1. What lysines could a cross-link reach from Lys312, if we take a straight Cα to Cα line under 30 Å and drop same-chain neighbours fewer than 8 places away?
2. Just reorder Val132, Val157, Val395 by solvent-accessible area, largest first, 1.4 Å probe, all chains present.
3. Residues with amide H under 5 Å of Glu130's amide H, sequence separation 5 or more or different chain, H placed in the peptide plane at 1.01 Å from N; which?
4. Over segment 169-323, what relative contact order in percent results from Cα pairs under 8 Å that are six or more residues apart?
5. Skipping prolines and chain starts, which residues have an amide H placed within reach, meaning under 5 Å, of the one on Leu408, given they are 5 or more residues away or on another chain?
6. Please compute the per residue accessible area over the chain with all protein chains in place, 1.4 Å probe, rounded to a whole number of Å².
7. What are the ³J(HN,Hα) couplings of segment 313-329, residue after residue, when phi is run through the Karplus curve with 6.51, -1.76, 1.60 and θ = phi - 60°? Round to Hz, x for glycine and proline.
8. Leaving out ligands, DNA and RNA, what percent of the accessible area of segment 389-465 is carbon and sulfur, probe 1.4 Å?
Amino acid sequence: MSTDVLIVGAGPTGLALGIDLARRGVDALVVERAGELFPGSRGKGIQPRTMEVFDDLGVLDAIHAAGGGYPVGMIWQNGQRVGEHRMFDPVEATEDSPYDEPWMVPQWRTQRILFDRLEELGGKVAFGLEAVGLAQDEDGVTVRFAAGGSVRARYVVAADGGRSAVRRALGIGMTGETVDPNPTLVADARITGLDRDNWHIFPPRGEGDGFLAICPLAGTEDFQVTAQFPEGSSVDLSLEGVRKVVAARSHLAPEDVTEVRWASDFRPRAALADRLRDGRVFLAGDAAHIHSPAGGQGLNTSVQDAYNLGWKLGAVLRDGVGEALLETYEEERRPVAADMLGLSTSVHRGEVRRGEATRQLGLGYRESSLTAETRQAPAALRAGDRAPDGTLGGVRLFDAFRGPHWTLLAVGVEAPELPGSVGVVRGPAQESYGAGLFLVRPDGYVGWAGDTADGLPRYLARAGL
């Protein structure tokens, strides 16, 4: 069997990449070693920038319907409510940033939405295929599976998680640190005796105890239980084990935990792959970077890896752009992943609050070799930055950007003639953009900006347009 792109792993990264490639007409196959999609709530926070990505991928309405906002934290002591705790610094939505705060959707539900969208576009996932080895040459990669058989692909993307078999097969190391040596339980449970209006927080009662947090999972009847244990502890993931820790650290009785639907334990780490590419194989998501969950950055950074790589693979495979474009994936995404790892660790350690940085709207690629800023006196928005939403000439910009194409904004200046594959929006100068020409990449970042069209044809040629 052969395909243009083989994506190993059907988590949020692999599914998002599959969607992006499917809408570009790229033949891609997603393979997953498990027999079904991941069943837990683990990565439940969707940041505003990822909401914008989901808008473009056509799943935003389903994501909105499946989740809800984060509840206010409620601190308990001795069975009494003693105070509120705000998890996030408040931010108001604006015209250029319409999604203001993280949106809670359990990871299993996000994956189901992405899976359904992938199938809607004609994409496919093959379950029960565990990659165990690969060999590559000048023309492609052959991936072998534990059950026998293989798939030949022009490119392979490892989206198979923190213990990535593909990364290990390539011999790519991970550099990082243990963020917290204390093991942590996370479980999806049915619980009676607690309201669903608050994220319930139970501080440690004594020395040697860990915290307990019980968060209602938006759009479900479940709660996510999180409990920290002393270093060296063995964590009991059974129903009785979860009942025991909940009863010991809160005013709830053991029988108030009526069901455990999924449970896991982990030790928070921060690690970054030494490189994100080996020939025709790319690393994305947790296979490339492992975060503490405290900052809500892991799933979001992973989806945006896919969003960056998808249009570049499409340009090479379908538009005839040179393979040098693929070199910019690692160039652009590895520094972002490093920054987000530092942010996640700082949030975990209480050094910074969840706020403007964790929303990921300020991330960009100003230093990328794909970025060209040619204006004499650029305003606050520069080439390499995220292209804001807003209205230009009566057109909502996110509506204009939506889809796998490039878009030229002519803001207060004349627009040159362009290939029909590039969308054009014209309008007067405005606050978010100032004035000038702005060529917006398929992933919503300004690739080129100029006062006039001088230099634009060269950039378009490089992009295969």
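The values are calculated or read from the model by the stated rules, or taken from the named source; none is laboratory data. On a predicted model such as this, the values are computed, not experimentally measured, just so you know. Cβ placement follows ideal geometry from the backbone for every residue including glycine, while neighbour counts extend to all protein chains displayed. Only protein heavy atoms, including side chains, enter the accessible area calculation; ligands, DNA and RNA are left aside. Shrake-Rupley method; radii C 1.70, N 1.55, O 1.52, S 1.80 Å.
1. Lys44, Lys124
2. From most exposed to least exposed: Val132, Val395, Val157.
3. Amide H neighbours of Glu130, under 5 Å, 5+ apart: Ala146, Ala147.
4. Working: 260 pairs, mean separation 41.4, N = 155.
Relative CO of segment 169-323 lands at 27 percent.
5. HN-HN under 5 Å from Leu408: Gly423, Val424, Val425, Val440.
6. Details: 18800 Å² over 465 residues.
Result: 40 Å² of accessible area for each residue.
7. 3J(HN,Hα) across segment 313-329, in whole Hz: 4, x, 5, 6, 7, 10, 10, x, 6, x, 5, 4, 4, 5, 5, 6, 4.
8. Working: 1650 of 3170 Å².
It is 52 percent, rounded to a whole number.
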